[in-house]
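Accompanying notes for the structure given below.
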Amino acid sequence: MTDALQTAITDPRPKVRLPGEDYLLSAFASELGARLFDKGIYRLNHHPVVLRGGELHAITPQEFRTLAEQHVVCYRRRNYQGQVCEVGVTMTEDNARGVLASPQFLNRLLEVCRVNSARLPVLRADGRIELLPEGYDMESKTLTMSGGLSYGETMDLAAARGVIDELLAEFCFADSDRSKAVSVAAMLSLYCNGLLPEKSLRPAFVYVANAEGAGKSVLAACAIVPTLGRLPTGCKADTDDEMRKVLLTAVREARQLVFLDNLRGKLSSAALEGFLSAPTWSDRVLGVSESFTADNLATVFITGNGLTVSPDMRRRSLFIELHLEAERAEDRQFKRVLDVPALLAMRANILAALWAMVRHWDNAGRPAPSRGHSAFPTWANIVGGIVKAAGYGCPLATANIAATADQDGDDMRRLTAAMEAGKHWSFGELVGMARREGCFESIIGGEGDLERADRARLGRLLARYEGRLVGKRRFLAEHKGRDRRYRVEEVNSVTCSHVEHAVSVHTGNDSVSS
């Protein structure tokens, strides 16, 4: 008897017959699914995946050929000296591809929506809040792989405040209470993902500072590392196409974080703005003529010095502002090291503090915060409520930094303040005034006639503000084309919501002319 036949007979792994005559691919796929469903292969967004490096990754056909052989032996029947024997054979790539796409295989696998590296809270269908168990949780479709990490479940609120306050003690928040409250909200946002109903929207967290070395990335790490157990490499996307690739990867792999680190200039990305307002994200897969659609589970963290954002981005974000007083960043001495190894050493204590805050809010009847937010109302009620109940400020309070971070809005406020009330202004006159006031410099430059594309761009920007309050004035426009005129009117008493509301963007094609 040959060695191959002897191995096939004595191998302890279950044997699965390869497809062929009298045995269909669907039957092979179904049997493989039955053998492999509890072997670390899961179903994510209708694709088979494995856990690798704390994240879910799609299985390629070539990988699957040998991955399956860790648990089963595929065989074909052969005639040997008048006898039918079962001979071990590696499945072909075509067979592997067929199995991975087969509903008979996919429907056998456990569906997973997210992976946690620690036991995190979940809101059960009956309304209870509890920590997820280790391993797979059927109701939430969550896989918890803590690697032996455990943390206290009985810490009281006073002790929890002490842990968080000590962690954040050396950061120089520009506006103290509000920025600190948003920092705590960022920590809780990742920790409390399981408390949010399906398809809830979340804010982006934007960390800004007046200088390098103020601690933006370190502060972001304080929010990220305790929950994720690692600090993903921050990425940059210089174009909207690059941003779409980053976002699609996050959705395909059910990532809980998109980390855009150390950005500069103005952040104005239609893809990112759409992502923040989309419970479900869909985009074309690079290199193939097909689209991919899945739930958006990621929270966006952004850091930058002197970073400005578009109005739509501002409305979907919460800002944390740091202010460095030292002339040189290296002159500032931190008493406490907060690198990733240090944060990992503190991880259990920080998680215990976050869980204490959640329990306190739950026991208090789950009070809502003092303010809401129209862009992410459910998140605001839950995470904002937890932060407020813990005794911190309201993370939804209006940020002074939001006025300067939104450069277009800041420029528009200066322009309308310079306009004489009651007077009608042509487009060309507004351009001249904007140049004198230093407004919209990235569009209109310092002198000369505007290019047609720049005229259209400025026209669209002005159209966004038509009929809206800008500061204490209402910006108005009359007529069309060459006869179009702009004016402002004083508004003496205005009742405004304390929350920024959605901007209705003008998309008409009216031309503008001086």
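Taking M187 as the residue in question, decide whether it is outside any helix (DSSP H, G or I), at pLDDT 95 or above, crowded, with 17+ Cβ neighbours inside 10 Å and of a type in the set (A, V, I, L, M, F, W, C).
Details: outside any helix (DSSP H, G or I): no; at pLDDT 95 or above: yes; crowded, with 17+ Cβ neighbours inside 10 Å: yes; of a type in the set (A, V, I, L, M, F, W, C): yes.
Here the answer is no, as M187 does not meet what is asked.
Hey, can you tell me all the residues within segment 354-383 that are among the basic types (K, R) and touching a Cys at 6+ places or on another chain (Cβ under 8 Å)? Write out each step before concluding.
Just the residues of segment 354-383 that are among the basic types (K, R), to begin with: 359, 366, 371.
The one that is among the basic types (K, R) and touching a Cys at 6+ places or on another chain (Cβ under 8 Å): R371.
Somewhere in segment 227-240, is a residue farther than 29 Å from S176 by Cα, in the same structural domain as A186 (by TED's automatic domain parsing), at pLDDT below 90 and of a type in the set (S, T, Y)? Yes, the conditions are met somewhere in segment 227-240.
So how many residues does segment 291-319 have that are of a type outside the set (G, A, S), farther than 22 Å from V112 by Cβ and assigned to a loop (DSSP other than H, G, I, E, B)? Here the count works out to 2. Of all residues in segment 439-449, those being in a loop (DSSP other than H, G, I, E, B) and either surrounded by 19 or more Cβ atoms within 10 Å (Cβ to Cβ) or at pLDDT 85 or above (or both) number 2. Residue count for segment 35-89 satisfying the condition of being farther than 21 Å from C113 by Cα, surrounded by 14 or more Cβ atoms within 10 Å (Cβ to Cβ) and not aromatic (F, W, Y): 19. Taken together, the criteria place L462 among residues that are assigned to a helix (DSSP H, G or I), within 17 Å of S268 (Cα to Cα), touching a helix residue (DSSP H, G or I) at 6+ places or on another chain (Cβ under 9 Å) and not assigned by TED's automatic domain parsing to the domain that holds T308.
So, of the residues in segment 265-309 that are more than 27 Å from C172 (Cβ to Cβ) and among the hydroxyl-bearing types (S, T, Y), which turns out to be surrounded by the most Cβ atoms within 10 Å (Cβ to Cβ)? Applying the filter and picking the extreme gives S269.
Just to be sure before I move on: is L338 under 28 Å from P232 (Cβ atoms), modelled with pLDDT of 95 or more and not acidic (D, E) in the structure I sent?
Details: under 28 Å from P232 (Cβ atoms): yes; modelled with pLDDT of 95 or more: no; not acidic (D, E): yes.
So L338 does not fit the description; no.
Does segment 112-133 contain at least one residue that is over 21 Å from the mean Cα position of the chain (by Cα), assigned to a strand (DSSP E or B) and modelled with pLDDT under 95? Before the answer, list the steps.
Going residue by residue through segment 112-133, those that are over 21 Å from the mean Cα position of the chain (by Cα) are 124-133.
This time we only want the ones that are assigned to a strand (DSSP E or B), so: 129-131.
Adding the requirement that they be modelled with pLDDT under 95 leaves none.
Within segment 112-133 (the criterion being over 21 Å from the mean Cα position of the chain (by Cα), assigned to a strand (DSSP E or B) and modelled with pLDDT under 95), the answer is no, since none of the residues qualifies.
Residue-wise test of (1) outside the structural domain of I59 (by TED's automatic domain parsing); (2) assigned to a helix (DSSP H, G or I); (3) modelled with pLDDT of 95 or more.
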{"site": "G162", "(1), (2), (3)": "yes, yes, yes"}
{"site": "K199", "(1), (2), (3)": "yes, no, no"}
{"site": "R202", "(1), (2), (3)": "yes, no, yes"}
{"site": "E212", "(1), (2), (3)": "yes, no, no"}
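The values are calculated or read from the model by the stated rules, or taken from the named source; none is laboratory data. Since this is a predicted model, take the numbers as computed values, not measurements. Cβ atoms come from the backbone with ideal geometry, glycine included; neighbour counts cover every protein chain shown.
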